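Novice: To start, I am sharing the structure in question, which I have written as structure tokens.
The values are calculated or read from the model by the stated rules, or taken from the named source; none is laboratory data. None of these values were measured; they are calculated from a predicted model. Neighbour counts are summed over all protein chains in view; Cβ atoms, including those assigned to glycine, are modelled from backbone coordinates with ideal geometry. Please note that ligands, DNA and RNA were not included when accessible areas were found on the heavy atoms of the full protein model with its side chains. Shrake-Rupley method; radii C 1.70, N 1.55, O 1.52, S 1.80 Å.
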Amino acid sequence: MSKPSPVGAVMIAAARAAGRSLARDFGEVENLQVSKKGPADFVSNADLRAEETIYAHLTKARPGYGFVMEERGIVEGSDKSNRFIVDPLDGTLNFLHGQPHYAVSIGLERDGKLLAGVVFDVAKNEIFWAETGRGAWLEQRKLRVAVRKKLSESVIATGTPWLGKSEEAHATFAREMLAMTPTCAGIRRYGSAALDLAWVAAGRFDAFWERTLKPWDIAAGIVLVREAGGVATEIDGGDVMKTGSILAGNEDIAPQVQEQLRLAAAFGRQAKLT
Ligand code: IPD
Ligand code: CA
Ligand code: CA
């Protein structure tokens, strides 16, 4: 059994504290579903409260570290090597609709390299954590990516582009689904990219792909997948932390998914020409 490093333990404590605040607010959201005004404003406040909790915890324990936070943005630290990458509530739409599948995600980058990640599934009380060289863990259980080799037996997770995304993003996704669905056992879209990656690390999904995510959606999950023996790369070979277009899975399944995504892209180019 591995223990987190001191900074890893701080990240876990911060995630748990934010989780307590989110769990309380989630109970309220269930009541607000039926109110006239609906829970939208309440949820954005819940999100901010959780981020405040994380920020307070982490700055107290590691003053000087920088931050990239979804709500607060970039906070420069006096320590230029270390920065936390934080999504206080990943799966906001689930949370808003009273669906118990949402997470706190905290990553740590040191000298430009991802070093540690914590993803806390609040509703299921599951803490996924990983640190470079210490492995990936779900509580006491060491995580390994799934060993499946055949795409036809694999369950693949993805994320759909949201309402405000470009027509092109929606068309790309439609082509990718068209290419993927006939090749695998099933596709899932559960609505939390951080948990999608944690579930790849835990072997619950064989692979996951999604385009144009943000650094806070994926920083922690990338460490989890890599430490669980999987690959987490950019779909088209670029820098995943820059484009946010991610493909994660085991070494056998990820390339097979990538091949289908390439076919989808080639089909898109062809369609534009004709
Ligand atoms: C979202 C979730 C979702 C993904 C979206 C993200 P949020 O994060 O990770 O699964 O499909 O692209 O924006 O808004 O709930 O923090
Ligand atoms: Ca997110
Ligand atoms: Ca968020």
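Novice: Hey, among E168, E71, E109, which residue is assigned to a loop (DSSP other than H, G, I, E, B) and among the acidic types (D, E)?
Specialist: E71
Novice: A further question follows. Give me a count of the residues in segment 68-120 that are closer than 22 Å to A202 by Cβ and among the acidic types (D, E).
Specialist: Summing the residues that are closer than 22 Å to A202 by Cβ and among the acidic types (D, E) in segment 68-120 gives 2.
Novice: Which of the residues that make up segment 233-259 are of a type in the set (A, V, I, L, M, F, W, C) and either farther than 27 Å from N82 by Cα or within 16 Å of ligand 2 (Cβ to nearest atom) (or both)?
Specialist: Of everything in segment 233-259, those that are of a type in the set (A, V, I, L, M, F, W, C) and either farther than 27 Å from N82 by Cα or within 16 Å of ligand 2 (Cβ to nearest atom) (or both) turn out to be V240, M241, I246, A248, I253, A254, V257.
Novice: I've got another one for you. Could you list, in sequence order, all residues of segment 72-91 that are within 11 Å of ligand 2 (Cβ to nearest atom) and either in the same structural domain as L195 (by TED's automatic domain parsing) or modelled with pLDDT under 95 (or both)?
Specialist: none
Novice: A further question follows. Please enumerate the residues belonging to segment 171-204 that are assigned to a loop (DSSP other than H, G, I, E, B) and either surrounded by 15 or more Cβ atoms within 10 Å (Cβ to Cβ) or not polar (S, T, N, Q) (or both).
Specialist: Result: P182, T183, C184, A185, R189, Y190, G191, S192, A202, G203, R204.
Novice: The conditions are (1) within 16 Å of ligand 1 (Cβ to nearest atom); (2) farther than 21 Å from L32 by Cβ, and H97 fails exactly one of them. Which is it?
Specialist: (2)
Novice: Filtering segment 8-45 down to residues that are small (G, A, S) and over 20 Å from E126 (Cβ atoms), which residue is modelled with the lowest pLDDT?
Specialist: The qualifying residue modelled with the lowest pLDDT is S35.
Novice: Mind listing just one residue for me: the one in segment 154-165 that is touching a helix residue (DSSP H, G or I) at 6+ places or on another chain (Cβ under 9 Å) and in a loop (DSSP other than H, G, I, E, B) and, of those, most open to solvent (accessible area, probe 1.4 Å)?
Specialist: W162
Novice: Could you list all residues from segment 191-232 that are away from ligand 2 (no atom under 11 Å from the Cβ), touching a residue at least 60 places away in the same chain (Cβ under 8 Å) and out of contact with any strand residue (DSSP E or B) (no Cβ under 7 Å at 6 or more places or on another chain)?
Specialist: Residues satisfying the conditions are G203, G229.
Novice: So is A219 of a type in the set (G, A, S) and more than 29 Å from A116 (Cβ to Cβ) or not? Give the derivation first.
Specialist: Numbers: of a type in the set (G, A, S): yes; more than 29 Å from A116 (Cβ to Cβ): no.
Judged against the criteria, A219 is not a match.
Novice: For residues that are open to solvent by less than 70 Å² (accessible area, probe 1.4 Å) and under 20 Å from the mean Cα position of the chain (by Cα), tally how many sit in segment 131-153. Reasoning before the result, please.
Specialist: Filtering segment 131-153 for residues open to solvent by less than 70 Å² (accessible area, probe 1.4 Å) gives 131, 135-138, 143, 145-146, 151.
Within this subset, residues satisfying the condition of being under 20 Å from the mean Cα position of the chain (by Cα) are 131, 135-138, 143, 145-146.
Residues in segment 131-153 being open to solvent by less than 70 Å² (accessible area, probe 1.4 Å) and under 20 Å from the mean Cα position of the chain (by Cα): 8 in total.
Novice: Filter segment 36-64 down to the residues that are open to solvent by less than 30 Å² (accessible area, probe 1.4 Å) and either assigned by TED's automatic domain parsing to the domain that holds G164 or assigned to a loop (DSSP other than H, G, I, E, B) (or both) and list them by number.
Specialist: Within segment 36-64, G38, P39, G64 meet the criteria.
Novice: Hey, could you check segment 205-229 for residues that are open to solvent by 10 Å² or more (accessible area, probe 1.4 Å) and not in a helix (DSSP H, G or I) and say which is nearest to G186 (Cα to Cα)?
Specialist: That would be E210.
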